[in-house]
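Here's the structure, in structure tokens; my notes come after.
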Amino acid sequence: MNKESSHTEEIKEFLKKEINYQFDQHGGGIEILSVEDNIVRFKLLGPCHNCPSAASETEEFVAKKVKERFPEIKDVILITGVSDELINMAKEILNKGKKY
């Protein structure tokens, strides 16, 4: 059984204040998906989501910062995949000029 961390909101606030702002200049960000059993799962938002160099560097950077601040965290995992944002962007592009 998964156990939601009692620090979930504190971790979200930490990422918002200490890390997320660094992605603002690129139009991206980080979203926490879950904090369970002392494992943080997050995804990248915006253009950062599909950047291969951002993925590995960001996961290491976020993991280091989170573990420094919250030593009880065992792991920090970047979840990748096609985001809803990307799917919606593709739909908009494909539907441009269509007449219904």
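The values are calculated or read from the model by the stated rules, or taken from the named source; none is laboratory data. Small disclaimer: the values here were computed from a predicted structure and weren't measured. Cβ placement follows ideal geometry from the backbone for every residue including glycine, while neighbour counts extend to all protein chains displayed.
Restricted to the range 70-97, and to residues there that are assigned to a loop (DSSP other than H, G, I, E, B) and modelled with pLDDT of 85 or more, the residue that is nearest to residue 26 (Cα to Cα) is 79. Pairing each residue of the range 35-57 that is over 15 Å from residue 20 (Cα atoms) and loosely packed, with under 14 Cβ neighbours inside 10 Å with any residue that is modelled with pLDDT under 90 and not aliphatic (A, V, I, L, M), provided the two are 6+ apart or on different chains, yields C-beta distances under 6 Å for 37/2; 37/3.
Taking the range 2-69 and the helices (runs of 4 or more DSSP H) fully enclosed by it, the elements with 2 or more residues that are β-branched (Val, Ile, Thr) and either on the phi > 0 side of the Ramachandran plot or modelled with pLDDT of 80 or more (or both) are at 8-15, 52-69.
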